Every structure is written in C-alpha cells, then in structure tokens.
1. Could you tell me whether any residue of segment 116-124 is more than 16 Å from the chain's Cα centre (by Cα) and either closer than 17 Å to Met77 by Cβ or β-branched (Val, Ile, Thr) (or both)?
2. For Gly160, all conditions in the list (1) in a loop (DSSP other than H, G, I, E, B); (2) touching a Leu at 6+ places or on another chain (Cβ under 7 Å) hold save one; what is the number of the exception?
3. Considering Gln101, Gln107, Gln88, which residue is polar (S, T, N, Q) and under 15 Å from Ile33 (Cβ atoms)?
4. Within segment 183-234, track down each residue that is in a strand (DSSP E or B) and closer than 19 Å to Ile152 by Cβ.
5. Mind telling me which of the residues Ile49, Ile85 ends up being over 18 Å from Ala225 (Cβ atoms), in contact (Cβ under 8 Å) with a residue 24 or more places away in the chain and surrounded by 14 or more Cβ atoms within 10 Å (Cβ to Cβ)?
6. Which one is surrounded by the fewest Cβ atoms within 10 Å (Cβ to Cβ) among residues in segment 88-135 that are among the polar types (S, T, N, Q) and in contact (Cβ under 8 Å) with a residue 24 or more places away in the chain?
7. Filter the helices (runs of 4 or more DSSP H) completely within segment 1-120 down to those with at least 2 residues that are farther than 26 Å from Ile211 by Cα and among the aliphatic types (A, V, I, L, M).
Amino acid sequence: MTNTYKRVLLKLSGEALMGDLAYGIDPTIVQSIAEEVSSVVQHGIQIAIVVGGGNIFRGIRGSAAGMDRATADYVGMLATAMNAITLQDAIERNGTPTRVQTAITMQEVAEPYIRRRAIRHLEKNRVVIFGAGSGNPFFTTDTTAALRAAEIGADVVFKGTKVDGVYDSDPKVNPDAKRFNSLTYGHVLAHDLKVMDGTAIALCKDNNIPIMVFDLSVPGNIRRAVMGESIGTIVGESCEVS
C-alpha cells in the first residue's frame, strides 16, 4: 500500500479503551491499538495521539451531578493523563518509542506540552501522546485534537469511534439511518452531525485539516485508515456530500 499521509493525529475516546467493560481500561483493546500504531510507525508515518478520559471520568457528567464545571473538567484532564500513560506503556512494549506530553505539568511522569519538542519527537519517529486535554476547562478533547493537529502540521485527524462513520441519525435508534461517505465542514455544522464538537470542526475548517471518522473496534482499521483506505466518513472542504 502507498502511504497517503506523512504526519497524522489519531483521536481516541476514553470510551474506546473500555471495550465491553462498564468502566476502566480493557488491556486487550489497548494492546490491539498499540500493535496497530507500531505498524503505522514502521511504514514511516509520524503519528500523534490525543486521548480522552470518559472511561474514567467525564467532566460534563460531574458538572451535571453538582460539581463545579471547571473543577470537573480538571478531574477529566487527569483521567486523560492516566490513559495516555497506559497507552505509552503498551506501545513501548511493542518496541516503538513514545513520549507523553501533558497540558498540565506533571513532570515526574510526562513532559510538558511544547510544540517544537513534540514536532522534533515526531521527526525522530517517536509516537507523541497528548494528555490533559488543552489544559483549559470548557474545552473537549475533540477540540484539543483539532488544536494539536493544527499546531504540529498534521495532514489529517483520524477519529476512532464505535461506529463505522457519520450517519444522518443515530444508527442504534434508527435502522434506516444513512451513512455518509464524505461531507463538507459546512454540512456537518449546519446539520449538527455528531462528528466532533463545533469548535473542533471550525478549527479543522479554518486550517483545512480533513477529518476521517472510522470504526476503531475493527482489527486493522487504524492501519487501513492511515494507509489511505476509504473505511469511514471523510470530512473536508473539497468533499462532496455523499
């Protein structure tokens, strides 16, 4: 297969790390992701990862339960750091060097986020995992993914989910839901399609970074997506709605 991309950003939700568990991290899922990420690096593609924390704690749920929203979001950021370090361990056990960079300083376990250092790590074929979101409350890890992708000059954002693309309605509720092969940023925003949050979509639009939404649960899909196979829904400025 021919490499389509030089540098990519992979967005993983915390829920994706749970597998079929009700809470926490499924080691089998993490190992599978680690193997695929290592395979991508072996093909000469630079890969950065932004990971969420919803498998451990979601700030918006904490806020709904009565916590101060900013405090709840900070707790959620710490959860993402736990996931980032877990991913780092699994990827390095596959023989691929990694660095975890966090937006909240925790120097005993991770580097602080420094853009130029992150790019240098990528140039040395190290996987860079970004934890602690953007370091600011009220912003999602989707927005962080779009922000980091723009900062490091990523060619594309890959969003691994539990569905095989973007639908016009929830396919779990509506058996007649239509899956899109491609979409424009404008269509996503105008129809409030659940690709990423609006801020993330706007950031990708402003910086002309395409988004590929694909099913993370299918073995081999990370490698297929990064190597340029059409396996989900692509969102971009020049894409047609289909």
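1. Yes, because at least one residue in segment 116-124 is more than 16 Å from the chain's Cα centre (by Cα) and either closer than 17 Å to Met77 by Cβ or β-branched (Val, Ile, Thr) (or both).
2. Going through (1) in a loop (DSSP other than H, G, I, E, B); (2) touching a Leu at 6+ places or on another chain (Cβ under 7 Å) one by one, Gly160 breaks only (1).
3. Gln88
4. Residues satisfying the conditions are Ile211, Met212.
5. Ile85
6. This residue is Asn125.
7. The qualifying helices (runs of 4 or more DSSP H) are 69-93.
Listed here are the residues, each with its yes/no results for (1) out of contact with any Lys or Arg (no Cβ under 8 Å at 6 or more places or on another chain); (2) more than 25 Å from Leu203 (Cα to Cα); (3) not hydrophobic (A, V, I, L, M, F, W, C).
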site	(1), (2), (3)
Tyr74	yes, no, yes
Met82	yes, yes, no
Ile104	yes, no, no
Glu108	yes, yes, yes
Asn136	yes, no, yes
Ala149	yes, no, no
Ala154	no, no, no
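Bear in mind these aren't lab numbers, they're just calculated from the coordinates by the rules spelled out. Owing to the predicted nature of the structure, the values given are computational and were not obtained by experimental measurement. Here Cβ is always computed from backbone atoms with ideal geometry, including for glycine, and neighbour counts include all displayed protein chains.
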